[in-house]
1. Does residue 71 qualify as being closer than 15 Å to residue 10 by Cα and of a type outside the set (Val, Ile, Thr)?
2. Out of segment 177-205, which residues are under 30 Å from residue 232 (Cα atoms) and surrounded by fewer than 17 Cβ atoms within 10 Å (Cβ to Cβ)?
3. What's the number of the only condition in (1) of a type in the set (Ser, Thr, Tyr); (2) in contact (Cβ under 8 Å) with a residue 24 or more places away in the chain; (3) farther than 16 Å from residue 4 by Cα that residue 38 fails to meet?
4. Considering only residues that are part of a loop (DSSP other than H, G, I, E, B) and at pLDDT below 75, look in segment 89-108 and name the one that is surrounded by the fewest Cβ atoms within 10 Å (Cβ to Cβ).
5. Please go through segment 388-402 and pick out each residue that is of a type in the set (Asp, Glu) and buried (at least 18 other Cβ atoms within 10 Å of the Cβ).
6. List the helices (runs of 4 or more DSSP H) inside segment 1-53, counting only whole elements, that have at least 2 residues being of a type in the set (Asp, Glu) and over 22 Å from residue 240 (Cα atoms).
7. Of the residues 293, 332, which is assigned to a loop (DSSP other than H, G, I, E, B), modelled with pLDDT of 85 or more and loosely packed, with under 14 Cβ neighbours inside 10 Å?
8. Any chance segment 64-87 includes a residue that's farther than 24 Å from residue 168 by Cβ, part of a helix (DSSP H, G or I), among the hydrophobic types (A, V, I, L, M, F, W, C) and without any contact (Cβ under 8 Å) to a residue 24 or more places away in the chain?
Amino acid sequence: MTKEQRIAISRVISDMIKADNIIEETEIQDMKQLMSDYSLTRQDMEAAQNIKLSDAIPVLRVLPQKVREELVNKIYGIAQSDNVCVPREALLLIALKYCLLDEEKKQKDGKPLPKPYLVSCATGEATLNDQYMVYIESKFDKGMNDQLERNFRLIVSLSRLSGFNFIYIPKMVQEFKKMRKEYVLDVISYMAPNFDNKGIHRVYDRLCKMTTVEFFRNVLYERLQVQTTHDITPSLLINIGTSVVPYCSTAGPVQYYTEFLCVPITTDILTLVEGILGYYQSRVSVRQTIAYGNSNGQFKHFGFYKALFDFLIAPPPVAPDLIFLGQSMKTGKHQVAFHFESGYEKTIDLTPKEYNTYLSIAHKSYNERPGLPVGTDRGLQSVISHIKSKITKGVPDLTYAEQYKPERNGNLYIIRLDHTKVFVRHRNLSNDYELCDIPITDI
């Protein structure tokens, strides 16, 4: 087993132990046993602090099927160490089942069907919390939407009986459209008192015209920066909880990430929902249901409704430019800068190897596509881990921080920041004292 796989297992163990917010003595004993079973070291546990669950799962996918089954069973043992499996633990088990245990399925032409995977987003003030199952698509799929229209009431009822909210954007839009327009405008004015009349009507129009595709592109992909591909098949997005990086606050500033399980719909949607909820109910010990009073025609400001509304009225945060500065003439250290609109620059120091690796990943992400191969250097994982840690510690309040950090995408390392925000600083050949920032795509 590789070091990267041991670190990934360490992260999964940690997330399950902390899932119920109580660390029992039996869980610590189980952890020690798993550390022995998988030869996990304290260094592995320490390194696991700096990755998310969504980073760990892809690493474990390459393990043999029998090893994955054994691992999931042992993780389930941790959840049952106190004889109670709480909802958060059951959600983690759903993620492990669908990402690690589901057999590969193929289309009629023999091509593999898309597999479930985990995605994440940095958690801000407005987040998708509680237990949600959201239908998403990057382009309109008539067949799937017809299925949803036919089975919507049944799916919602089944979901609520298991403690989930099922979200289908067109139905939410219908709710807003049925409300008296002046009432909704007054609510928007109350919730956003700084908006003028034009701004209030703009929010109202977006509420009443939003589609599932727009929700995916403008809210999930652009605003929330959920790390998924720009084009996806119709899928269910299930939030499974929060990853804390690092999960030990003594290791530096803490960043929270909402983790989502994305399950491509490869059967009819009702069968998929029943399968997910059935597995959840077979694991969870604490049963809960969702019951709403009569709120028809009223503006809901809780849960998913509140999050969506907050996203629509909040101004998008402005991400700084990433500038590769090279070696400082004053300190001799290699540096990168985060240049904000105000003109302020926050610099962090990197070793020559870290700097060259970071620059190479950026260059290959934009100029050569698709990124830096994982197998380029045996020590690459450690170098990238240090880069990510320095960014986290050096700029703890960085907007869309994950876009600036190298991340693994299959067998490649990439950065997801838009190419228009990445530059390399050079001295002007005609004036050695004059500096200019050249777009990474022109290097």
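The values are calculated or read from the model by the stated rules, or taken from the named source; none is laboratory data. Remember, it's a predicted structure, so these values are computed and weren't measured experimentally. Cβ atoms come from the backbone with ideal geometry, glycine included; neighbour counts cover every protein chain shown.
1. Yes: the conditions hold for residue 71.
2. 177, 202, 205
3. Of (1) of a type in the set (Ser, Thr, Tyr); (2) in contact (Cβ under 8 Å) with a residue 24 or more places away in the chain; (3) farther than 16 Å from residue 4 by Cα, only one is false for residue 38: (3).
4. If we take residues in segment 89-108 being part of a loop (DSSP other than H, G, I, E, B) and at pLDDT below 75, then 108 is surrounded by the fewest Cβ atoms within 10 Å (Cβ to Cβ).
5. The one that is of a type in the set (Asp, Glu) and buried (at least 18 other Cβ atoms within 10 Å of the Cβ): 402.
6. Passing ranges, in order: 25-37, 42-48.
7. Exactly one of 293, 332 is assigned to a loop (DSSP other than H, G, I, E, B), modelled with pLDDT of 85 or more and loosely packed, with under 14 Cβ neighbours inside 10 Å, namely 332.
8. Checked against the condition, which is being farther than 24 Å from residue 168 by Cβ, part of a helix (DSSP H, G or I), among the hydrophobic types (A, V, I, L, M, F, W, C) and without any contact (Cβ under 8 Å) to a residue 24 or more places away in the chain, segment 64-87 yields at least one hit.
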